[in-house]
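Here's the structure, in structure tokens; my notes come after.
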Amino acid sequence: MKRLFIVIVIAALAWSVYWFVGATSSRNAFEAWFDARRAEGWVAEYNDFSLAGFPNRFDATWRGLAVADPESGIAVDMPVFQLLALSYRPTHVIAVAPQDVHFATPRNKYDLESDRLRASLRLRPGTALEVERAVLEGEALQLSGAETAAMADLHLAMQRTGETSYRFGLEARDVTPPLDTLRNLLGDTALPAEMQFARLDAQATFDRPWDRSALDSARPQPTQLRLDEVSAEWGVMSLRAMGVLDIDDRGRASGEIDLQATNWQRMLDIVRESEALSENAVRMLAGALSMAAESSGNPDRIDIGLTLRDGQVFLGFIPLGPAPLLRLR
């Protein structure tokens, strides 16, 4: 019995030493990160920092946190922010955001309110801290500021599948897009205020792994994107897409995307009323889509292939406009 008691005491002391060493190392690492960001010209400030959770957790809490990256022009301000980890599994971190987050882009300032917003991050052990898996979940998200938007639920996941390749999944429900942006893109065309859902299942390859340097310095850039499923339901309109795109070092994509759309006539009306294409291009597009609908056997559905090359999007020989640049700032 005496020996058992001694073993228990030694184990408890050893675990206590482990926790305090780990807590000290974590505190030093956090402080070093903030110091390095300030040296690079960032705003990286907080009113108070604490690290608690003995004996089984490392719970880091910042109050009055303000971080701003001068290169991207993105700034975040949170009254409280937490990183939580089990002391015996420090490479699995849970980030908890407050119900009210203030952030700014180079153009505008926004407030993001939510009932719940948190992320889970699994890292590969080592100094680089490469991301193995990440999950972001949000409920009752409300964006206000220069524009307003909302969604009932958001699930975003990323899982490493190779040295520099990752699988991404996204599902959002009851989405209310920014109305001003929609009007700028589509004119005054009447659309339902709420999108029933949007879904993404994709594989992406980057020029280097996602690790701690992705936040400290430049972001990894995509070199290939495989769309296994892109789908959305918006009012009576339904959209599905899949394909593979190769991306050059300027962010220009080339490849083929197979597109399936239901109630495509409504989409064509939106394109026409938004004046995104010339009237001549719209007429050619309408003819091509009509033939595609006839060949599908369903006049309300089309199955077509879009080609991306030289920074442009084409439907057959019909140019539809510039393709978006796939570059991460």
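Of all residues in the stretch 79-136, those satisfying the criterion of being in a strand (DSSP E or B), more than 17 Å from the chain's Cα centre (by Cα) and within 18 Å of M158 (Cα to Cα) are T91, H92, V93, L123. State yes or no: is D211 under 21 Å from R329 (Cα atoms), buried (at least 17 other Cβ atoms within 10 Å of the Cβ) and either β-branched (V, I, T) or at pLDDT below 95 (or both)? In short, yes. Mind listing whichever residues of the stretch 148-185 are part of a strand (DSSP E or B), out of contact with any Asp or Glu (no Cβ under 7 Å at 6 or more places or on another chain) and modelled with pLDDT under 95? Of everything in the stretch 148-185, those that are part of a strand (DSSP E or B), out of contact with any Asp or Glu (no Cβ under 7 Å at 6 or more places or on another chain) and modelled with pLDDT under 95 turn out to be A149, A150. Only one of (1) of a type in the set (A, V, I, L, M); (2) buried (at least 17 other Cβ atoms within 10 Å of the Cβ); (3) in contact with a Gly (Cβ under 9 Å, 6 or more places away or on another chain) is not met by A104, so which one is it? If we test A104 against (1) of a type in the set (A, V, I, L, M); (2) buried (at least 17 other Cβ atoms within 10 Å of the Cβ); (3) in contact with a Gly (Cβ under 9 Å, 6 or more places away or on another chain), just (2) comes out false.
When S72 is tested against (1) within 25 Å of the chain's Cα centre (by Cα); (2) of a type in the set (S, T, N, Q); (3) closer than 28 Å to P125 by Cα, only condition (3) is not met.
When the residues of the stretch 110-147 are filtered to those that are among the basic types (K, R) and surrounded by 15 or more Cβ atoms within 10 Å (Cβ to Cβ), the one that is farthest from I94 (Cα to Cα) is R133.
Working only within the stretch 218-270, note down all residues that are under 28 Å from Q196 (Cβ atoms), out of contact with any helix residue (DSSP H, G or I) (no Cβ under 6 Å at 6 or more places or on another chain) and of a type in the set (V, I, T). Across the stretch 218-270, the qualifying residues are V230, V236, V244, I257, T262. Can you say whether S238 is at pLDDT 85 or above and among the hydroxyl-bearing types (S, T, Y), as far as the supplied structure shows? Yes; evaluated as a whole, the condition is true for this residue.
Here is a check on your reading of the model: is R122 in contact with an Asp or Glu (Cβ under 7 Å, 6 or more places away or on another chain) and more than 30 Å from Q196 (Cβ to Cβ)?
Answer is yes for this residue.
In the stretch 191-218, which residues are of a type in the set (A, V, I, L, M) and over 16 Å from the mean Cα position of the chain (by Cα)?
So in the stretch 191-218, the residues of a type in the set (A, V, I, L, M) come out as 191, 193, 195, 198, 200, 202, 204, 214-215, 218.
Those that are of a type in the set (A, V, I, L, M) and over 16 Å from the mean Cα position of the chain (by Cα): L191, A193, M195, A218.
Taken together, the residues in the stretch 43-62 that are under 27 Å from P106 (Cβ atoms), surrounded by 12 or more Cβ atoms within 10 Å (Cβ to Cβ) and in contact with a Phe, Trp or Tyr (Cβ under 9 Å, 6 or more places away or on another chain) amount to 4. Number of residues in the stretch 225-242 that are touching a residue at least 24 places away in the same chain (Cβ under 8 Å) and under 23 Å from T164 (Cα atoms): the value is 6.
The values are calculated or read from the model by the stated rules, or taken from the named source; none is laboratory data. Keep in mind the model is a prediction, meaning the values are calculated, not measured. Don't worry about glycine lacking a Cβ; one is built from the backbone with ideal geometry, like all the others, and counts go over all protein chains shown.
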